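Take a look at the structure below.
The values are calculated or read from the model by the stated rules, or taken from the named source; none is laboratory data. None of these values were measured; they are calculated from a predicted model. Positions of Cβ are backbone-derived with ideal geometry, glycine not excepted, and every protein chain shown enters the neighbour counts. Heavy atoms of the whole protein, side chains included, go into the accessibility calculation; ligands, DNA and RNA do not. Shrake-Rupley method; radii C 1.70, N 1.55, O 1.52, S 1.80 Å.
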Amino acid sequence: MSPVLHHRRQWVVGGAILILAMGIGLAGCGESVPGERSVRGLPEFCQEVLPRVDAHLAEMEQPQGERYGGTVVVGAIGDLADGLNAFSLADYTGAQHQTHMHLMTLVRVDEELEPQPYLARSWELSEDGSELTFHLRDDVTWHDGEPTTARDVAFTFIRATDPETAFPNAAFWANYTAGEDGVEVLDDYTVRFHLRPHSEILDTWRAMPIMPRHLLEDAPPSELNRHPFGTRCPVGNGPFVFFDRSPGASWTFVRNPAFPQELGGPPYVDRYVYRVVPEQTTLLTELLTGGVDVYVSPTPDQASRIEAEEEVDLLDFHFRSYVFVGWNARRPHLSDPRVRRALTLGTNRREILESLYGGYGEIANAGVPPFHWGYLDGIEEALTFDRDEADRLLDEAGWTRPDGTGIRENGDGDRLEISIKYNTGNQQRQQIAEVMQAQLREIGVAVEPRVLEWATLFDQITSPDQRDFDGVVMGWVTELKVDDHDLFHSSKVDQPFQWAGIQDSELDRLLDTLQVVMDREEAIPLWHEYQERLAELQPFTYFFYPQRLAGVNRRLQGVHMDVRGEWVSVADWWIPEEARRGRSR
Amino acid sequence: MTRYALRRLLGAVPLLLGVATLLFFVFSLAPGDPASIYAGSNLSAEVMDQMRRNMGLDRPIHERYVRWMGSMFRGDFGYSFARNEPVRDVVFQFLPNTLILSGVALGLAFAGGVLVGVVQAVRWNTLTDRALSVVVLFFYSMPSFWLALVLILVFSLYARNVWGWPIWFPPSGMVSVDHAALPPLGRVLDRAMHLTLPALSLATVLAAGIARYARGSLLEVLGQDYIRTARAKGLPEWRVVGAHGLRNALIPVITLLGLYLPVLMSGTVVIETVFGWPGMGKLMVDSVFQRDTPVVMACALLFAGLVVVGNLLADLLYSVVDPRIRYD
């Protein structure tokens, strides 16, 4: 036997052993027993902070009772990629985990969207509306044991208004004096802000979680959004304590036993796991096989499958978004409100809602969603599908078709032809554009659907020197506080989001007043007027407000979801002992 | 052989540098401003400018290039825009998951593929051969995502909910939520259960291709004179096929290994998505959509490196199976 062959054999055997060892090594890494976690390999900051959290948790007494215990698993298609750092951009799901679970806001809102005490026990607004004072609870501690005080609130405000932080929701602070001049710490649990009077003053403090000063004070503002705090070792003060994260796969939280009784007390479940399952068919299977207890936002065509199953329930509730086709009023043939109204009247939106969303949604005619306290009941009937009325409006606006069939023309011989753009990869928007093409042909309008890549489309409609579109299918997400200033105010006509190019003094007056009226009772008639005006002007053909859906395993009790989000009641979720994981299977 | 391998690796350095340069300029000059994606709902000019400064995008392109190259040599790939973490940490979080999945899938695919190919070649032109050919072609032409969904439907949903099998496979994830509480053996089993469906969907389609190659190649070898000689000197058939035939027939199959290695790293994106497996393919695609250029560049560079390594590995394996090939 030649030595070469000998070597070769060794090489092969060695290689096999190496691969085996690698497999075992990889399979073995990242293990930890619940209650203990490894800080190995984490940034220095986390190595200091996490043991303090663990020590604090170990000291506390866990609540006793039959509802306490078990693990709840929530599945969704996206990761909490931006983490739990309130200073950096968080998407819908991330923001929910911050405000309802891990961190605390000064106020929260009840089902009627009325502000209620949370971290702040009470508050008062000065007579002239320029000073807002919060009195904080004195029994809230950060998960590492440090008390949460007025200095944390001031720190959060100062960093969030510091331009270097590049805080993504700068609109929160539009009416505030930025920086240290805008806030006073009166004592450990009292803090005062200086601001200009405006409507829905507390909304900012419902949305903005308070961040821990003692941990983040030393970080330069420009590096705050990449601080390891956000993704590797977040420390909050809310009902759930961050435990572990597996990137792209899951986040694990455990109960905060010290959460104040008055605010609902510690959560019932021992452990909450957020799982990322990017493919919705797989996620549905996970729900149906008990792998997840909650499926966040299933597609409408999965709804009937969920309803048919015995083990699970389907929840549907209001959401803050709407789907619309925005019209470019800068284009001569779309500048007349009668034409735009005719385009809405000539589209059978009910039919599209049924076929695309399985009926889970409500018809929209103005951009104030039904959850809002200013919603005008009956507005959904204002522009019901009516071809005769559409024909009449177009005739009146000077677009006629003498033979009663072809494409309408005006006095100058211009044909009523419009294009509707939408972005690639969104089937619902494509279908909206195509159905409109077919339906509007009936009233003599030629529609040409056009598809573009998202970034290009966005550029074409938002950059003020382009505005290269007639109509565009889009979606919009409002806050709980609705403010359409950026969309329709004439002063914003050269700003990115004033796609419509609408300039209407009546609308301006309403938008301006609505921004400063602080009393809801006083504002309601103005909101009604505003919606009527929008229905008349139809800067957009509003389509619908889709409902949000959720699939929930029946063993999970106490689940309530509404427009505030899926996670609004998560501390109250509980699982009967006999149905807990590890027992049922 | 070591010297040869070193020489090849050194030769790859300028290649990778070229790739890195090209990648940098392509991504930097691509339309779409990352800052506009991360500036949130308000596109105010001040926030955008600050965002660009914080991301280091305010510098002229040549300065950014020099800086990026410089820090890359120190092993620093910058910060991920979307994940607010160092790119190196991000990649090291996702890479092991892909290595496990594609390693197991590749092993299964080669073992299964070669086995089927051998059986077909030995039973050439019999019913077994033809039946296996049909099966192999069926899987070869099947998109892996479709196979994945069928596997989930059958071995998760139906197995548990309809047929009530005692064993069914979890449709997604790498471990169950109670993983940490399991005994050591239970943990290994838990991982294996989670690995089964994704590895099978990847391996089946690959194995079908490998089987075709192995069959064709072995058939050609079995017609050679030295096989006849081996048979003539009275060797048992399994030695003829196993020792003399297969060894020579494996050379073209090994070329496939070199080709599949990088494909498996990047091409698992569909499988990773369907099974919620947090790996490199998913990371790369997500990052492209989020314009997270630092991560995209690091991944692309890693894949380029894998192409080099994959080819080198195939070349080295030639010498193992074929004594005529020497790299001294």
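Restricting attention to the range A:35-61, and to residues there that are open to solvent by 80 Å² or more (accessible area, probe 1.4 Å) and either touching an Asp or Glu at 6+ places or on another chain (Cβ under 9 Å) or part of a helix (DSSP H, G or I) (or both), which single residue is modelled with the lowest pLDDT?
Once the filter is applied, the top-ranked residue is A:Glu36.
Only one of these is within 14 Å of chain A (Cβ to nearest Cβ), over 21 Å from B:Leu101 (Cβ atoms) and part of a helix (DSSP H, G or I): B:Arg228, B:Arg212, B:Arg247. Name it.
It is B:Arg247.
Collect the residues in the range B:151-184 that are closer than 22 Å to B:Val270 by Cβ, open to solvent by 20 Å² or more (accessible area, probe 1.4 Å) and assigned to a loop (DSSP other than H, G, I, E, B), keeping them in residue-number order.
Once the filter is applied, which keeps residues that are closer than 22 Å to B:Val270 by Cβ, open to solvent by 20 Å² or more (accessible area, probe 1.4 Å) and assigned to a loop (DSSP other than H, G, I, E, B), the range B:151-184 yields B:Phe169, B:Pro170, B:Met174, B:Val175.
Search the range B:69-104 for residues being assigned to a helix (DSSP H, G or I), within 9 Å of chain A (Cβ to nearest Cβ) and of a type in the set (S, T, N, Q), and hand back the single one that is least open to solvent (accessible area, probe 1.4 Å).
Looking at the filtered set, the residue picked out is B:Asn97.
Those residues that are open to solvent by 30 Å² or more (accessible area, probe 1.4 Å) and within 14 Å of chain B (Cβ to nearest Cβ), I need them from the range A:207-221; list them, please.
In the first step, residues of the range A:207-221 are kept if they are open to solvent by 30 Å² or more (accessible area, probe 1.4 Å); the result is A:213-214, A:217-218, A:220.
Within the range A:207-221, A:Pro220 is the sole residue that qualifies.
Please indicate, with yes or no, whether at least one residue in the range B:115-122 is within 12 Å of chain A (Cβ to nearest Cβ), crowded, with 17+ Cβ neighbours inside 10 Å and in contact with a helix residue (DSSP H, G or I) (Cβ under 7 Å, 6 or more places away or on another chain). Steps first, please.
Going through the range B:115-122, the residues within 12 Å of chain A (Cβ to nearest Cβ) turn out to be none.
The answer is no; no qualifying residue exists.
I'd like to verify a number: residues in the range A:154-167 that are within 14 Å of chain B (Cβ to nearest Cβ) and either at pLDDT 95 or above or assigned to a helix (DSSP H, G or I) (or both), how many? So that I can check it myself, show each step before the final result.
To start, the set of residues in the range A:154-167 that are within 14 Å of chain B (Cβ to nearest Cβ) comprises A:159-167.
Restricting the remaining residues to those that are either at pLDDT 95 or above or assigned to a helix (DSSP H, G or I) (or both) gives A:159-161, A:163-165.
Selection size over the range A:154-167: 6.
If you scan the range A:83-101, which residues turn out to be of a type outside the set (A, V, I, L, M, F, W, C), buried (at least 24 other Cβ atoms within 10 Å of the Cβ) and touching a Gly at 6+ places or on another chain (Cβ under 7 Å)?
Listed by number, the residues that qualify are A:Gly83, A:Asn85.
Can you tell me how many residues within the range A:295-320 are part of a strand (DSSP E or B) and away from every other protein chain (no Cβ under 13 Å)?
6
Using the structure shown, decide if A:Thr105 is assigned by TED's automatic domain parsing to the domain that holds A:Pro257, of a type in the set (Ser, Thr, Tyr) and not in a loop (DSSP other than H, G, I, E, B). Before you say what the answer is, go through the steps one by one.
Values: assigned by TED's automatic domain parsing to the domain that holds A:Pro257: yes; of a type in the set (Ser, Thr, Tyr): yes; not in a loop (DSSP other than H, G, I, E, B): no.
When the stated conditions are applied, A:Thr105 does not pass them.
Take the residues in the range A:252-292 that are charged (D, E, K, R), under 24 Å from A:Leu84 (Cα atoms) and over 21 Å from the mean Cα position of the chain (by Cα); name whichever of them is farthest from the other protein chains (Cβ to nearest Cβ).
Per the criteria, the residue is A:Arg255.
Could you list, in sequence order, the residues of the range A:168-199 that are open to solvent by less than 10 Å² (accessible area, probe 1.4 Å) and within 14 Å of chain B (Cβ to nearest Cβ)?
Within the range A:168-199, just A:Pro168 meets the criteria.
When you go through B:Gly310, B:Gly281, B:Gly305 one by one, which is the residue that is in a helix (DSSP H, G or I) and touching an Asp or Glu at 6+ places or on another chain (Cβ under 6 Å)? I'd like the intermediate steps shown before the answer.
Values: B:Gly310 fails: touching an Asp or Glu at 6+ places or on another chain (Cβ under 6 Å); B:Gly305 fails: touching an Asp or Glu at 6+ places or on another chain (Cβ under 6 Å).
Matching residue, one of B:Gly310, B:Gly281, B:Gly305: B:Gly281.
I want to confirm something. Restricting to the range A:295-336 and keeping residues that are within 21 Å of A:Val447 (Cβ to Cβ) and among the polar types (S, T, N, Q), which single residue is surrounded by the most Cβ atoms within 10 Å (Cβ to Cβ)?
A:Asn328
For the range A:234-283, give me every one of the strands (runs of 3 or more DSSP E) that falls completely inside it and has 3 or more residues that are open to solvent by 20 Å² or more (accessible area, probe 1.4 Å) and closer than 30 Å to B:Val154 by Cα.
On the way: elements: A:240-246, A:250-255, A:271-276.
Fully inside the range A:234-283 and qualifying: nothing.
Given B:Met265, B:Met284, B:Met297, which one is at pLDDT 85 or above and under 15 Å from the mean Cα position of the chain (by Cα)?
B:Met284
Just checking, does the range B:254-270 include any residue being within 12 Å of chain A (Cβ to nearest Cβ) and among the aliphatic types (A, V, I, L, M)?
Applying the first criterion (within 12 Å of chain A (Cβ to nearest Cβ)) to the range B:254-270 yields B:269-270.
Keeping just the survivors that are among the aliphatic types (A, V, I, L, M) gives B:269-270.
Yes, there is a match, as at least one residue in the range B:254-270 is within 12 Å of chain A (Cβ to nearest Cβ) and among the aliphatic types (A, V, I, L, M).
Quick one: is B:Leu137 surrounded by fewer than 19 Cβ atoms within 10 Å (Cβ to Cβ), closer than 30 Å to B:Ala35 by Cβ and not acidic (Asp, Glu)? If you could, list the steps in order and put the result at the bottom.
Details: surrounded by fewer than 19 Cβ atoms within 10 Å (Cβ to Cβ): yes; closer than 30 Å to B:Ala35 by Cβ: no; not acidic (Asp, Glu): yes.
Against the criterion (surrounded by fewer than 19 Cβ atoms within 10 Å (Cβ to Cβ), closer than 30 Å to B:Ala35 by Cβ and not acidic (Asp, Glu)), B:Leu137 does not qualify.
Checking A:Thr405 against (1) β-branched (Val, Ile, Thr); (2) within 15 Å of A:Gln538 (Cβ to Cβ); (3) out of contact with any Lys or Arg (no Cβ under 6 Å at 6 or more places or on another chain), only one condition comes out false. Which one?
(2)
Being touching a residue at least 60 places away in the same chain (Cβ under 8 Å), open to solvent by 30 Å² or more (accessible area, probe 1.4 Å) and more than 7 Å from chain A (Cβ to nearest Cβ) is the filter here; which residues of the range B:273-288 pass it?
B:Asp286
Conditions tested, residue by residue: (1) among the hydroxyl-bearing types (Ser, Thr, Tyr); (2) in contact with a helix residue (DSSP H, G or I) (Cβ under 9 Å, 6 or more places away or on another chain); (3) surrounded by fewer than 16 Cβ atoms within 10 Å (Cβ to Cβ).
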position	(1), (2), (3)
A:Leu452	no, yes, no
A:Leu457	no, no, no
A:Gln460	no, no, yes
A:Ser463	yes, no, yes
A:Asp470	no, yes, no
A:Val473	no, yes, no
A:Thr478	yes, no, no
A:Phe488	no, yes, no
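Report the residue count in the range A:222-246 for those that are within 21 Å of the chain's Cα centre (by Cα) and either at the interface with chain B (Cβ under 10 Å from one of its Cβ atoms) or over 29 Å from B:Leu283 (Cα atoms) (or both).
The number of residues fulfilling the criteria is 5.
Scan the range A:127-153 residue by residue and report those that are open to solvent by 10 Å² or more (accessible area, probe 1.4 Å) and at pLDDT 95 or above.
A:Glu131, A:His135, A:Arg137, A:Asp138, A:Asp139, A:Thr141, A:Asp144, A:Gly145, A:Glu146, A:Pro147, A:Thr149, A:Arg151
For the range A:72-86, how many residues are within 10 Å of another protein chain (Cβ to nearest Cβ) and assigned to a loop (DSSP other than H, G, I, E, B)?
Residues in the range A:72-86 being within 10 Å of another protein chain (Cβ to nearest Cβ) and assigned to a loop (DSSP other than H, G, I, E, B): 7 in total.
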